[in-house]
Amino acid sequence: MGIVISQIYPNDHRGIKQVKVLLEKEGITLDKNLDYTCCLYDDDYNPVATGSCFGNTLRCFAVSKDHQGEGLLNQVVSHLIQIQFERGNYHLFLYTKCDSAKFFRDLGFYEIARADNRVVFMENRRTGFRDYLKKLEKPVFESKKAAAIVMNANPFTLGHQYLVEKAAEENDIVHLFVVSEDASLVPFAVRKKLVQEGVAHLPNAVVHESGPYIISNATFPSYFLKDEETVIEGHARLDLAVFFQIARELQICRRYVGEEPFSQVTGIYNRIMKEELKKKDIDCIVVPRKEKEGTIISASTVRQYIKNMQWEDLKKIVPDTTWNYFTSAEAQKIIAAIQNSDNVIHY
């Protein structure tokens, strides 16, 4: 059988429909977050296999049942890896169902973590995650109580600062992980800088990059889980499976999170987190949100104030370091991006 590999463009309605049909036969829906899709066709131009990319991830694989065992998955993955290498992405990740993980192991991918026998997170570097764990900054002094906070800080607010200060006061060391992925209106380099400046007065706070291992809502795949709540739960459990390995490396015994009265995603995530952390003897400390003049401080509110140019309101809910940044010339591009965004509030 001759095989032709073609890129499927978003405006190729016939090609997209063929890809959807292939995926649906495998119980998969076409993910909304894709930036490259390909399809393999046989001699009669019937679609027989497909796969896609998003950022540095591979996703949405399916092979027609009539052609399984013919090495077509290998051809799709090899093609997508070549596309990624041409983009300059050499460290690659994928999510797959548990029963498919063995196929990807044979293609050079290594398991990082799995959750609930639903989803496996893999990478193409044998020691990638292990190397990340080794590089995490460890305290030079013996720590009896080590805590962790994971934050996007989009951007860093007085609420974030309050959470870190509380954890720093109650523990010997606080490991603060800033989500590295650039899926936010405020770029990672700026978010990390503002976090570092905002906690510089706390000698026992250590700021880490999450690297590619703490997964954002934008990156987590939704295509093989049946509904939105299941997707959020799957994301939370997989994220926590990764976190437990980090916690073991750093001997973390507590994780601090801000109370979440508004965000559906974070609310479900926090519920799952409390359940799972308890199983690993890690305390989950939920801290009520800091308020200013009767209003709960959140990064969403900060972005809304920037969008609406409510500068005096903004100044009240961010540290001086964040305020100084957003009133500098350096911030003008980010301010413009926020003001031009249709939606600055997460759900």
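The values are calculated or read from the model by the stated rules, or taken from the named source; none is laboratory data. Predicted model only: the values in this text are computed from it and were never measured. Every residue, glycine among them, receives a Cβ derived from its backbone with ideal geometry; neighbour counts consider all protein chains shown. Note: accessible area is taken over every heavy atom of the protein model, side chains too, but ligands, DNA and RNA are not part of it. Shrake-Rupley method; radii C 1.70, N 1.55, O 1.52, S 1.80 Å.
Among the listed pairs LYS193/LYS316; LYS193/LYS280; LYS20/LYS97; LYS166/LYS307; LYS144/LYS292, which have their C-alpha atoms separated by more than 24 angstrom in this model?
The pairs that break the limit, which is 24 Å between Cα atoms, are LYS193/LYS280; LYS166/LYS307; LYS144/LYS292.
Report the Cα centroid-to-centroid distance between the stretch 17-79 and the stretch 242-261 in angstrom, as an integer.
For the stretch 17-79 versus the stretch 242-261, the Cα centre distance is 36 Å.
Would you work out the relative contact order for the chain, in percent, from Cα pairs under 8 angstrom that are 6 or more residues apart? Write out the running numbers ahead of the final one.
Working: 544 pairs, mean separation 47.4, N = 347.
In percent, rounded to a whole number, it is 14.
Below 10 angstrom from the Cβ of ILE214, what's the summed charge of the other residues (Lys, Arg +1; Asp, Glu -1)? Let's see the in-between values first.
Values: positive: none; negative: GLU181, GLU209, ASP239.
Computed value for this residue: -3.
Check VAL48: other-chain or 5+ apart residues with amide H under 5 Å from its amide H, H built from backbone geometry?
Those lying under 5 Å, H to H, from VAL48 are LEU40, TYR41, ASP42.
Rounded to whole Hz and in sequence order, give me ³J(HN,Hα) for the stretch 43-59 from the Karplus expression 6.51 cos²θ - 1.76 cosθ + 1.60, θ = phi - 60°, writing x for Gly and Pro.
4, 8, 6, 8, x, 10, 6, 8, x, 9, 10, 8, x, 9, 10, 10, 6
What are the ³J(HN,Hα) values, in whole Hz, obtained from phi via the Karplus relation 6.51 cos²θ - 1.76 cosθ + 1.60 with θ = phi - 60°, for each residue of the stretch 70-84 in sequence order, with x given for Gly and Pro?
9, x, 5, 4, 4, 5, 5, 5, 4, 5, 5, 4, 4, 4, 5
Working from Cα positions, state the angle (0 to 90°, nearest 10) between the long axis of helix 188-198 and the longest principal axis of the chain.
The angle comes out at about 20 degrees.
Please work out which option in (i) 23.0, 88; (ii) 21.9, 70; (iii) 20.5, 73 gives Rg and Dmax of the Cα atoms in Å calculated from these coordinates, and answer with its label.
(ii)
Give the accessible surface of the chain per residue, rounded to a whole number of Å², with probe radius 1.4 Å and ligands, DNA and RNA excluded. The partial results should precede the final answer.
Working: 16850 Å² over 347 residues.
Accessible area per residue, the chain: 49 Å².
Counting only the heavy atoms of the protein chains, how much of LYS315 is accessible to a 1.4 Å probe, in Å² to the nearest 10?
Taking all protein chains as shown, LYS315 has close to 100 Å².
Would you mind classifying the stretch 299-347 by shape? Square roots of the alpha carbon gyration tensor eigenvalues, ordered a ≥ b ≥ c; an a/c under 1.5 is rounded, otherwise it is prolate if a/b is larger than b/c and oblate if not.
Oblate, because a/c is 1.5 or more while a/b does not exceed b/c.
Any idea what angle helix 13-25 forms with the longest principal axis of the chain, computed on alpha-carbon atoms, 0 to 90 degrees, nearest 10?
That works out to roughly 90 degrees.
Which of these, TYR90, TYR110, TYR256, has the largest mean-square fluctuation under a Gaussian network model of the chain (Cα springs below 10 Å)?
So, out of TYR90, TYR110, TYR256, the one fluctuating most is TYR90.
Per residue of the chain, what 222 nm ellipticity follows from adding -39500 (n - 2.57) for every DSSP H run with n ≥ 4, rounded to the nearest 500? Provide the component values of the computation, followed by the final result.
On the way: 12 runs with 138 residues, N = 347.
So the calculated ellipticity at 222 nm is -12000 deg cm²/dmol.
For the Cα atoms of the chain, what angle does the longest principal axis make with the long axis of helix 264-279, in degrees from 0 to 90, nearest 10?
Tilt relative to the chain: about 90 degrees.
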